[in-house]
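What follows draws every value from the coordinates through simple rules; no lab data is involved. Remember, it's a predicted structure, so these values are computed and weren't measured experimentally. Cβ: placed from backbone, ideal geometry, glycine included. Neighbour counts: every protein chain shown.
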Amino acid sequence: MNLDDTIVAIATPPGRGGIGVVRLSGPDARKIASPMLRLKHELEPGRAVFGELAEPGGEAAELRSAGQPGAAVPTQTTRIDEVVVTHFAKPHSYTTDDIIEISAHGSPVVLRHVVELCVAAGARLAEPGEFTMRAFLNGRIDLTQAEAVRDLIDSQTLYQAKVAAQQLEGALSRRLQPIKQKLVELIALLEAGIDFAEDDVSVLPDATILEHIDAVRAPLELLAASFAYGKMVHEGLTLAIVGRPNVGKSSLFNRLVERERAIVTATPGTTRDLVSETVAIGGIPVRLVDTAGIRQALDEAESIGIRKSMEALADADLVLVVTDASQPVTEEDEELAGQATQRAAIVVENKCDLRASGQGSGASTPSPTAPEGRPKIAQRFSAGTGSGEERVPEGRLSHVRTSAITGEGIAELRAEILRHVGGEAGAQAEAGFLTNVRHQGLIQDSWTALDAARNAVAGKVPHEMLLLDLYNALRPLDAITGATTTDDILNLIFSTFCVGK
């Protein structure tokens, strides 16, 4: 990639809008933009200037082409649009090159024409992510910050945007820096002991080397553990709502979505297909999936819907097993809860308003409840029955009482969902946690190399060989921040950016 040419792209999303921005970056940015601009004031770094976008040459070009003697005199040019132009002078710009941003009205025709004029004057169309790649290659940002730019653009919730902004400010790099520093110091000590042994430079004893390795490995372990929550923040999770027909799954779904998204009737089996919607709970994108009621199918369409419900249950990160609080717990409820406990699950006792008011066909038969107030289904699957069957650990299957009609318990349900995905701990998590699969894989590689180094020390391996493992631990950390990065990795990362960024 040639970093010496001038690139141009539309920096705003496709389509029509109030404002559209064309971005020029490179040594000739100002030279290329000047002929098409009539500005009220001279361009100054960091200052927005109002002016007009005009066809370069305009009527003067027509006179010259006709051979008229007055062609050398500047005449009125053809105005296209009113614009605001901002100049960012090198090296104090996003790419560290000269940047000109032309803000016009958001007409695709006008913006394309500006790009065409720039290309005709010597600019080149920018590749996807090329502006950010130049910022990285010119040392303006490191690789974690470059990836954070993409995450910030792709954010679906405000919390995702805040996390990406922290990464963009270098939170992950700052957390990695002392870890890398400790590793580099250990490498330097071992190198010195090898290179200057004849000068009475002391060789580190094995116990000291192990202490240094553990001082590097411990914070890496904490960082690797943050990926489970970071992945949820970055990618969101899928939550399946399952249960018998007519327990209020669709009503609960609509209450969580906060609009009438699923059809609700009093007839059991209304929902035949999966209905999904993404909402933000605690800043985490949660894809809610409303499923068909699970029972013995009455026809082929219902059978297909039930099969899809079971597939959704198997694929979900978290399951809401909905029961009817006005009815006794059935074998089907317990069977569903048993299947759900293969992953994180919450039992939702819906229609608690009917039980409280004594309404409903099952009001005369209260729902079986444990002495301490927990429903029998939750007690049975957390404490076990002593029958020798494998049960889930205590607390794995929690329960919440709700009313989808009145809204009772919905806030508690959202809080319980957030607790299951680590939201309570994540809100207080240290800045700079892992949200990227590539970063997590590199941390694991570094961790594995450090384990190999520990084994080498225990096996009395010469320090020259031990250093190979330590360098293998350092390289993945460099690859996260971009100190040592191959072209293939760079192309893979920046090709996912939008053009103009």
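Take the Cα of E52, step 7 Å along the line toward its Cβ, and report every residue of the range 76-107 whose backbone nitrogen sits under 13 Å from that point. Flagged as within label range: 76-83. Other residues with beta-carbon under 10 Å from the beta-carbon of K90 carry, at +1 per Lys or Arg and -1 per Asp or Glu, a net charge of -2. The E235 and K90 beta-carbon pair, evaluated with R₀ = 41 Å, returns a calculated FRET efficiency of approximately 0.65. Computed from the C-beta positions of D4 and E42 and an R0 of 25 Å, the FRET efficiency is 0.45 to the nearest 0.05. Note on A458 and V119: with the Förster distance fixed at 41 Å, the Cβ-Cβ geometry gives a FRET efficiency of about 0.05.
Modelled spin labels at A215 and I19, positioned 7 Å past Cα toward Cβ, are 5.0 nm from each other.
Fully extending the segment from I405 to E311 would add 31.1 nm, taking 0.36 nm per residue of separation and subtracting the current Cα-Cα distance.
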